[in-house]
Each structure stands twice: as structure tokens, then as C-alpha cells.
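What follows is a short report on a single structure.
The values are calculated or read from the model by the stated rules, or taken from the named source; none is laboratory data. Since this is a predicted model, take the numbers as computed values, not measurements. No Cβ is skipped: glycine too gets one built from the backbone with ideal geometry, and neighbour counts run over all protein chains shown.
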Amino acid sequence: MIDFQPISPLQRTWLLELGLERAFLARLPQAQPGGQSAPVAAPAQEAAAAMQTAQPVERHLNDAGSPSPSAPAAATDAMSARDQALAVLRKSGARPVAAAPVEEVVQRPAVLIQPEKAQDMASLLEQVQACQECGLHTGRAQVVFGSELLSEPDWMIIGEAPGTSDDRSAKPFDGKAGLLLQAMLNSAIPNASVYKTHLVKCRPLGNRPPTQEELAACRAFLDAQIRLVQPRRLLAVGHLAAVALSGRDEDLETLRGQALTYTDAQGRSLPLVVTYHPASLLLRPQHKANAWRDLSLLRELQNQP
Ligand code: SF4
């Protein structure tokens, strides 16, 4: 066990300044003016004694903060006390405590989820990226908002939900089904401008269809997208998109093959065509003939003024 020499209040002040903890200093014996060591003082009493002893040194500074002519002797005393303090430190093996780094707290402004108030696509995208309105946010790698923005495209194409490739690339209809869809569009309406998105913006795990709750949670984003993109017509691919946009709870075969209507919250209407989802055409190629008829309807509408 180390046998500590008594230290003076001034030495304690130095040790505190060097970073030693008060609890450690409180355990050291205190030197008396006559050279006797005193019982260990409580930390508050020690600090007060140290302050009293330190004040005469401070009084050697003039109003400008410079040492007065009597300062050198006091400064020498102080340096001697500091040397003694360092000697105590070396003997005890204690090290000054480094100041804890100040953590930088990054405050990000909260994003309000109010799609109906979004004034532009950038703010709507920001809301979608922050959205946790349904459980799908837990399985997404990234949100799949929409394809490259076009203002007033000829067609807005709306599928059900992002697939695995979409989730990786953040692009809707990315993958084999998307390639087939693009080939169909190129052949039917080669000069048309199109904007693609899905009913929900986050991928359901296992590529399952989104539930009614998930569709309802995400619907305001889709309606806001349609309002901001201002497409001339809509193409719904797949049964869920067909029902969601037409508002008619009927099977796909009943809904396809005709020009339907999408009506927004403000009562504005857009022509709506319904067809198979390209992923289902990959599984059931026998539907391609019917899909071609749907595309002929697209071309017909495209050619109308
Ligand atoms: Fe939000 Fe839509 Fe994603 Fe659900 S699917 S978390 S509602 S953005």
C-alpha cells in the first residue's frame, strides 16, 4: 500500500486542476501549517481551504491580469506546489482524468406525414422516406417511390407493390416483369411518356400482395403523386391496382377491356385502363392475347386528342 505524504491545500488545488478526482484527493492526508498532518477533510471543506490558500496568489495579479512586482515569489511557491503535486501523482501511479469528449447530438427535424399538403414531389418523397404508417417499413431496404419524374406524362402506370429487384434499386418495375411491361408499352405506345409507381411504396416480404390495411395506409401517397404528376391517363396493372383505382370491387376480367374512370378527392376524373400484371403474364402466357387487346385500347386512347 502506498504511504502518501501530507499535501497542502494548494497542492490539492493543483491536483484538481490536473484532473484528479475529488474522491481520490479526499483520501490523502492534509498538511498543517506547523508541518502536522490533519485528519482527512470532507471534499467541500478541502475545496474551501484550497480556495482560501489560492487567493493570495491571485491577488498578485493587477487589474490588467498581469503579474505585479511581488508576483514572482508567489509564482515560485505555486510552481513548487505544482511540482510537489506531480510528485504525489507519480508516486501514487494515478493519472489525470482526460476530459470526456463532448458528444455531438445531430438533431434532425421531424417530418410531418401529410401527403395531401405536399406541394412538390421532393417533399412528398421526403415524407415517404420517413413513413412508418404500416408494418411494411420494417422490411424495406429502401422506399420505391416512382420512376424518373416527368411532368404531365401521357400515362401513369400503377402496380401493386415493389418486388425484390425494385427494393434493391429503388426503381418500380425493375426486373423481368418490368422488362416485359416496357416491351409491351414500346410496342403499343412507343412515343408515349410514362411515369411508373406502385400502390404501396415498401416491399412486402416474400413478395406477397399488400393487405387492405397496408393499401389504406399508403393510399394518400398515391393520390398525392397523381395530383402532383398530373398524368393524362392511368394504367392499372393487376387486380389490386384495378380495384383500388376504379373503386369497383370486381374481378379483373370484368374490369379490363374497357375505358374506366379514376376520380380524385377533388372530383377530377382521368381515363383509366386495366390490364394484367406483367408478373402474372410471365406465369400465364395464355393471357398475352388478352393483354394485347388491352394495349390496343391504350393506343386508341393515346391517339385521342
Ligand atoms: Fe408508409 Fe406506404 Fe411504406 Fe406503409 S408502404 S410504411 S404507408 S410508405
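Take PRO115 and tell me if it is near the ligand (Cβ under 10 Å from one of its atoms), in contact (Cβ under 8 Å) with a residue 24 or more places away in the chain and within 22 Å of SER269 (Cβ to Cβ). Write out each step before concluding.
Numbers: near the ligand (Cβ under 10 Å from one of its atoms): yes; in contact (Cβ under 8 Å) with a residue 24 or more places away in the chain: yes; within 22 Å of SER269 (Cβ to Cβ): yes.
The answer is yes for PRO115.
Here is a check on your reading of the model: is ALA110 at pLDDT 95 or above and either within 14 Å of the ligand (Cβ to nearest atom) or part of a loop (DSSP other than H, G, I, E, B) (or both)?
In short, no.
Where residues in region 165-178 are part of a helix (DSSP H, G or I) and either closer than 24 Å to LEU124 by Cβ or modelled with pLDDT of 95 or more (or both), which of them is farthest from the ligand (Cβ to nearest atom)? Break it down stepwise before answering.
Step one: filter region 165-178 for residues part of a helix (DSSP H, G or I), giving 165-169, 176-178.
Adding the requirement that they be either closer than 24 Å to LEU124 by Cβ or modelled with pLDDT of 95 or more (or both) leaves 165-169, 178.
Details: SER165: 17, ASP166: 12, ASP167: 11, ARG168: 16, SER169: 17, GLY178: 19 Å.
Ranking the candidates gives GLY178 first.
Of all the residues that make up region 118-157, how many are of a type outside the set (Lys, Arg), in contact (Cβ under 8 Å) with a residue 40 or more places away in the chain and within 11 Å of the ligand (Cβ to nearest atom)?
Total meeting the criteria: 13.
Scan the helices (runs of 4 or more DSSP H) fully inside region 180-272 and keep the ones with 3 or more residues being within 13 Å of the ligand (Cβ to nearest atom) and surrounded by 18 or more Cβ atoms within 10 Å (Cβ to Cβ).
In region 180-272, the matching helices (runs of 4 or more DSSP H) lie at 212-229.
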